[in-house]
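To keep things clear, I will list the structure first and then write my remarks on it.
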Amino acid sequence: MTTRRVAGARVTAALFGLLLVALGMFAGAIPAHADEDDPYRISGNVQLDGEPLEGVALTVDGPGGEQEVETDENGQWRVGVPERGETYVVTLDEETLPEGIVVVDPEDDSPNVKEVEMGQGGRATVNFFIGEGERNVTSFFDQFMQRVVQGLSFGLMLALAAIGLTLVYGTTGISNFAHGEMVTFGAIAAFMLVGPATLALPLWLGYPAAVILSAGLGLILDMILWRPLRRRRVGVVQLMIVSIGLSLALRYTFQLFIGGGTLQLPGSAEDQIPLFGAVQMSVVDMVSLAISVLVIVAFALWLTRSRIGKATRAISDNPSLAAASGIDVDAVVRVVWVVAGTLAGLAGILYAYYRPGIKWDMGAQILLLMFAAVVLGGLGTAYGALVGALIVGILVEVSSLWIPADLKYASALFILIVILLFRPQGILGRRERIG
């Protein structure tokens, strides 16, 4: 009894320490906002041959959410934004222009969309050049096919992260809320290795090294945190709370080192290549798609053909029976953490190209989608995570044809709720009797 109390006290102290660290980092990482009476501003003019255009609608998207504004009688517009040092996207709605008038820029394929970075001065200007021309309208079917292809790419990338998450849950019972930070770590490690301002290693060397570092992170976390807690037989609820504290600590540590801005990996801004119909993809997107498929196939072969893969499935089915049959559960779980870190790191690199950009909280932004994929496919099943991730990825992209982009992640969670109402165990999950 005394031993259990001592173990409980140690776990409580560890949790309290993690939360204190996270709260301390949070307090130091809160960005300074502008005074409410004098916010940072983005402004501009919309004119046609020197004449102002009134009532033209524009959208400014960035930190703080999406804002809509219209030009006044002088063709001018302005919005207040909350942060400096961030990139904002300004989109002019061509449907609100006079008939036969379009935004003209021979050097830009999307002249009605401009990016602007808010500098330290707190002011930025975006002007649009307007002229006569032919407005190109993409059909709904073409837009739908483009979204499906993008959703497939996003779903495969999401599957890499979700498979690692479900492997950990299946073998240890841990709902690892710090898995998103393992995704972020892979992207940051890649930037530190291949970025022009850092080591500037060649891509063929830097990216595999970043994946290896991510695998090392999974191993270290298991050695110093999860394995000791497993040996003390800490409950799954306490383990979940520890993972939340670890997530906060890692997240704000990333912000401490890389700041709150967006970093770009080499080759992020590449031209789109027509594939079929109106579907376009960049070379980076196609390479990312191919890598995701190859890695998932290799993982499936490892899980079904290798000795450790079979042991992993045995532990997921029944840990006690697997241990009784001679399987070294601790050794297999350690391999699972390494595999989870490897897949999460690779997913982080691919996600940095998909977004595009690296941010300190990028993994946390898709954490709920990873859990949605795992639950939708079936808790603890790797193939279920793959199926769930593909469904979530395609739904997220296709739904943006009907709902605002800020709500597209909510569509996947809504479908998750609907499916679980009819099949609580998930698509590939098994029914289990409780009690």
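The values are calculated or read from the model by the stated rules, or taken from the named source; none is laboratory data. Note that the structure is a prediction, hence the values are computed from the model and not measured. In this analysis, Cβ positions are derived from the backbone assuming ideal geometry, glycine residues included, and neighbour counts consider all displayed protein chains. Surface areas here come from the heavy atoms of the whole protein model, side chains and all, with no ligands, DNA or RNA. Shrake-Rupley method; radii C 1.70, N 1.55, O 1.52, S 1.80 Å.
The set of residues from the range 112-132 being open to solvent by 40 Å² or more (accessible area, probe 1.4 Å) and modelled with pLDDT under 85 comprises Glu117, Gln120, Gly121, Arg123, Phe129, Glu132.
Residues of the range 193-214 include at least one that is open to solvent by 80 Å² or more (accessible area, probe 1.4 Å) and modelled with pLDDT of 95 or more. Is one or more of the residues making up the range 285-296 within 30 Å of Leu379 (Cβ to Cβ), loosely packed, with under 14 Cβ neighbours inside 10 Å and in contact (Cβ under 8 Å) with a residue 24 or more places away in the chain? Checked the range 285-296: at least one residue is within 30 Å of Leu379 (Cβ to Cβ), loosely packed, with under 14 Cβ neighbours inside 10 Å and in contact (Cβ under 8 Å) with a residue 24 or more places away in the chain.
Considering each of Leu407, Leu420, Leu379 in turn, give the residue that is surrounded by fewer than 23 Cβ atoms within 10 Å (Cβ to Cβ), touching a residue at least 60 places away in the same chain (Cβ under 8 Å) and over 11 Å from the mean Cα position of the chain (by Cα).
Details: Leu407 fails: touching a residue at least 60 places away in the same chain (Cβ under 8 Å); Leu420 fails: touching a residue at least 60 places away in the same chain (Cβ under 8 Å).
Residue meeting the stated conditions: Leu379.
Set side by side, the residues Ser268, Ser316 differ, and just one is in contact with a Gly (Cβ under 9 Å, 6 or more places away or on another chain) and surrounded by 18 or more Cβ atoms within 10 Å (Cβ to Cβ), which is Ser316. Would you pick out the residues in the range 176-212 that are in a loop (DSSP other than H, G, I, E, B) and either of a type in the set (Lys, Arg) or touching a Ser or Thr at 6+ places or on another chain (Cβ under 7 Å) (or both)? Result: Asn176, Phe177, Ala178. Going through (1) touching a Gly at 6+ places or on another chain (Cβ under 7 Å); (2) farther than 14 Å from Met157 by Cβ; (3) β-branched (Val, Ile, Thr) one by one, Val336 falls short only on (1). Among residues of the range 379-435 being in contact with a Gly (Cβ under 9 Å, 6 or more places away or on another chain) and of a type in the set (Lys, Arg), the one that is modelled with the lowest pLDDT is Arg430. Of the candidates Val279, Val336, the single residue that is under 20 Å from Thr166 (Cβ atoms), surrounded by 13 or more Cβ atoms within 10 Å (Cβ to Cβ) and in contact (Cβ under 8 Å) with a residue 24 or more places away in the chain is Val336.
For the range 249-274, which residues satisfy the criterion of being in a loop (DSSP other than H, G, I, E, B) and over 14 Å from Met362 (Cβ atoms)? First the steps, then the outcome.
First pass over the range 249-274, keeping only residues in a loop (DSSP other than H, G, I, E, B): 259-262, 264-272.
The answer is Pro266, Gly267, Ala269, Glu270, Asp271, Gln272.
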